[in-house]
Structure formats: C-alpha cells, structure tokens
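Visitor: Before I ask anything, here is the structure I am working with.
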Amino acid sequence: TQMDAKAPLASPTFTGTTTISGDLVPSTPLSHRNLIINGGMQISQRGGPWTTSSGGIYTLDRWRVYENTTGNLTISQDTSAPDGFSHSLKALVETVDASIGSAEQLKIQHKIEAYNTAHLNFGTSSAKDLVLSFWVKSSVTGTFGCAITNAAENRSYVKEYTISSANTWEKKTLTIAGDTSGTWVSGTNAASLHVIWSMGAGTDRENTANTWHGSIEHQTSSCTNLIETAGATWYLTGVQLELGSNATPFEHRSYGDELARCQRYYIKLDGENSSTLGILQADSVGTAQACYGPIPLPAVMRTHSYAFGYSDVSHFWLYSGTGSYTPNGTLGVQGRQNHIMRMYVSTVTPQSMTQGRAMEFGTTAAGYLTFDAEL
C-alpha cells in the first residue's frame, strides 16, 4: 500500500519486521537526547554525605546545592529508586528555616555547558521547546517549584509540580517554551542553562508559572518550602531534559560513558594500597629536594584552569631503585593542560635522592588527587 509521504502518522505501531526505504530522519535525536549528565545519580566521585551551608557546593557529580537560608540540608547518594534505576539524590532537612527571608533561597541545580545547548537557539526567534522529566519522592506533599534559568540569572521560566502521595515515587513531566529573548551563552565551554529544583525561596524568588521572566525566580507563591519541615526528605532521579514537548523514556547510558562525561568537570584520582599515579623525576638534592613530572588525566577536562587538590601529603609515596621516600612538603601544579598536568612534590624524606633519577609516585588507600573544572 502506497502512503502519502506528506500525511503525518500519529503514534504508529509496527509489529513484525519493518523495512524502510529511503532515509529515516527523526525530528529529535534517537541517542544523546538527554542534556543532563548523571541524571540517574549513579556517579558520586566526591563520596559524601554533604551538609549545606551558605554558598554553593557540588555533591553527586554535576549536582550543585546553593543556599543562603538559616536552615540546612544533608545531601547524599541513596539506593532508594523507582524501577529501572539504582540510585537517587537524597535531601534531608537537618535544620529548619521556618521564616524564609525575601531574598533567601535553597536550590538543587544542574548547570549545562554552552557547547551542549547551542542547538536550542535560545535568545533567538527560532528557540526550541524543551521537556523536563524526572522521578521524585518526598515525605512532604503539596506543590513544589522547578525552574529553567540562564547563566546570568536574569531570565527564568518557573514550573510547578505536585507531590500527591508521601514517600512514593512519582514521575513528573514539565514542558518549557523556548526563550526567544534574553542573553544565552552559546557555543563555548561556559555555563549556559541552569535547571533548578527549589527547596525553599523567599518572595523575591517567586513569580507566575509557565512564562519567561526577565528576572530570577524559582517557584510560585503557592509552592511548598521543604526547608520549613524538620526531618523532611526529598529524593530525585531519572532526570532528563530534551528537545520537544513529549518526554521519551530515560536515556540509560553505560556507567563508563556517564563517568567519562562527569570527568570533563571533576576527576578524583585515588586507589588501593600502593597505587601508582605517575612517574616523576628528582630535580634537586639536599634540603630542598623536589620531584617533577606529568600526571595523565583519564578524560579531557572542560578547561585547563581547573582547581587542584589532594588529601594529606602523608598519603603519598615515592619510590626508586634506591628506596622509598615520603613527601613532607606540598604537592602542586607547575603546568597544566586539560588532559595532563605537570606536578611537583616540593620536599621529601629521607634527603638522599639522586638528581635526575626517575621516581614512581603513588598513593596509599587513603590518598587522592582532585581536579575541579565545574561550571
């Protein structure tokens, strides 16, 4: 049977073997649909749990919490999850803020890099619509707030969602109209779009839903503030942001693929006992001994201007054919690229290294190096 190529098919269902002649051109991607990284909450390189305080902190990979209230949350990775998922982000109200000030806010957010949002055409007349879907569970029922904002935080689109049953996983689907106005960063490695779940906000962060505002809002005046309820819990997983107005099933990526995506923004190099991290070279002798050398990174990071950190210096060791050495100074970065760094260990003991000798550099079970290029 010949079909009119111009006649649309509304949700066709095919059984058996289907053969398509010509090109299959989907209107939205079949893969790489999800703009959210670690939406299944499987990756947590930093470990946790984390107790929030004034300012912003990253918790599970790619998931940030910001607050300036007088209350606080404990954020952790949890194994409570709906069918098809293994982990979730859990927020627990530790300290209540029963009277949130007008400019106060507490939000869980996901920042998306501008390289990954250029095709949305936000800020132009051809801006595309989005759909946000996620699974949520809360001990508190009621109406809650969610929002999309730009990086400058002067454009926002507020959505409401409802928790109908306490302590029950519920799937939510929210549509977001493309923004034809405002300034949206595009085609760079800077932040472009923020997705926000409000845990509590004052009147300065409230506005009407389902329209774009030239200011920064996270919820409506009808929304529940989780931070006002002592011991309240709130869980999130299965987060997907994609083109269109109809949510597709969650895009499950392999653990390795998801980890590599996370490592563009944060890397933690640790290991078991006697894990080797790289080969350094003894560069000086006497009381000011130092070692230098490259440490390769497992992923290309967003920028070479990452923050470098490490555990206690006593967690590391150096070894050569003449014996083992213990760093007792500092570890630092002398030069860096987004895929490799030149590291130095400023002093070591005992003071008997041979200048120019190759030194194996490693960590004990408690040691780790961190590289932070978060947005």
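Visitor: Just how far, in whole angstrom, is segment 68-82 from segment 210-254 if you go by their alpha carbon centroids?
Guide: Each part's Cα centre sits 15 Å from the other's.
Visitor: Grab every C-alpha pair in the chain, bin the distances at 20 angstrom width from 0 up to the longest one, and report whole percents.
Guide: 25, 47, 24, 4, 0
Visitor: Let me ask something else. Just to confirm a number: summing +1 for Lys and Arg and -1 for Asp and Glu over residues other than E374 whose beta-carbon lies under 9 angstrom from that of E374, what do you get?
Guide: That works out to +3.
Visitor: Could you tell me what percent of the DSSP beta bridges with both partners in segment 107-265 are antiparallel, to the nearest 5?
Guide: 95 percent
Visitor: Which residues among segment 213-241 fall inside the zone where the amide N is under 18 Å from a point 7 Å beyond the Cα of T173, along Cα→Cβ?
Guide: Residues 237-241 qualify, since their backbone N sits under 18 Å from the label point.
Visitor: Setting aside same-chain residues fewer than 8 positions from K90, which aspartates and glutamates have a Cα under 13 Å from its Cα?
Guide: D78
Visitor: Also: For segment 11-144, build the charge dipole from Cβ charges (+1 Lys, Arg; -1 Asp, Glu) around the Cα centre, then report which of S21, L130, T117 sits farthest towards its positive end.
Guide: S21
Visitor: With r as the distance between the Cβ atoms of T330 and I279 and R0 = 25 Å, compute the FRET efficiency 1/(1 + (r/R0)^6) and round to 0.05.
Guide: Efficiency, rounded to the nearest 0.05: 0.80.
Visitor: Let me ask something else about it. Would you mind working out the magnitude of the charge dipole of the chain relative to its Cα centre, with +1 at each Lys and Arg C-beta and -1 at each Asp and Glu C-beta, to the nearest 20 Debye?
Guide: So the dipole magnitude of the chain works out to roughly 540 debye.
Visitor: Summing -39500 (n - 2.57) over the DSSP H runs of n ≥ 4 in the chain and dividing by its residue number, what mean residue ellipticity at 222 nm do you reach, to the nearest 500 deg cm²/dmol?
Guide: For the chain, the value works out to -500 deg cm²/dmol.
Visitor: Using 0.36 nm per residue of separation minus the Cα-Cα distance, give me the extension gain between Q355 and T70 in nm, one decimal.
Guide: Gain on extension, Q355 to T70, equals 97.1 nm.
Visitor: Taking the Cβ-Cβ separation of T303 and T19 as r and a Förster radius of 51 Å, what is the calculated FRET efficiency to the nearest 0.05? All intermediate terms of the calculation are to be shown ahead of the outcome.
Guide: On the way: r = 47 Å, r/R0 = 0.92.
Here the calculated transfer efficiency is 0.60.
Visitor: Summarise the accessible area of the chain (1.4 Å probe, protein heavy atoms) by the percent that is carbon and sulfur.
Guide: Details: 7900 of 16650 Å².
Percent of accessible area from carbon and sulfur atoms in the chain: 47.
Visitor: Okay, which of segment 121-160 sit inside 18 Å, backbone N to the point 7 Å along the Cα-Cβ direction of S221?
Guide: 143-146, 158-160
Visitor: Dipole size in debye (nearest 20) for segment 226-269 around its Cα centre, Lys and Arg Cβ +1, Asp and Glu Cβ -1?
Guide: Result for segment 226-269 is approximately 240 debye, rounded to the nearest 20.
Visitor: Moving on. List, largest first, the extents of the alpha carbons of segment 90-179 along their principal axes, each in whole Å.
Guide: 42, 30, 19
Visitor: Using a 10 Å cut-off on Cβ atoms, rank the peptides 275-282, 208-215 from the highest mean neighbour count down. Show your work: numbers first, answer last.
Guide: Details: 275-282: 17.5, 208-215: 13.4.
Packing order, densest peptide first, comes out as 275-282, 208-215.
Visitor: Another question about this same structure. Quick one: net charge of Q289's neighbours, Cβ under 14 Å, K/R +1, D/E -1?
Guide: Residues close to Q289 contribute a combined charge of 0.
Visitor: Quick check for me: using +1 on Lys/Arg Cβ and -1 on Asp/Glu Cβ, what's the dipole size of segment 221-375 about its Cα centre, in debye to the nearest 20?
Guide: That gives a dipole near 420 debye.
Visitor: Over the chain, with the other protein chains present, what is the accessible area per residue in square angstrom, probe 1.4 angstrom?
Guide: About 44 Å² of surface per residue is accessible.
Visitor: Net charge near H110, counting Lys/Arg +1 and Asp/Glu -1 over other residues with Cβ under 9 Å of its Cβ?
Guide: Local charge sum for H110: +3.
Visitor: Note down the nm distance, to one decimal, between modelled labels 7 Å out along Cα→Cβ at S125 and at N210.
Guide: Output for this residue pair reads 2.7 nm.
The values are calculated or read from the model by the stated rules, or taken from the named source; none is laboratory data. Since the model is a prediction, treat every value here as computed from it, not as a measurement. We place every Cβ from the backbone using ideal geometry, glycine too, and count neighbours over all the protein chains shown. Heads up: the accessible areas ignore ligands, DNA and RNA and are worked out on the full protein's heavy atoms, side chains in. Shrake-Rupley method; radii C 1.70, N 1.55, O 1.52, S 1.80 Å.
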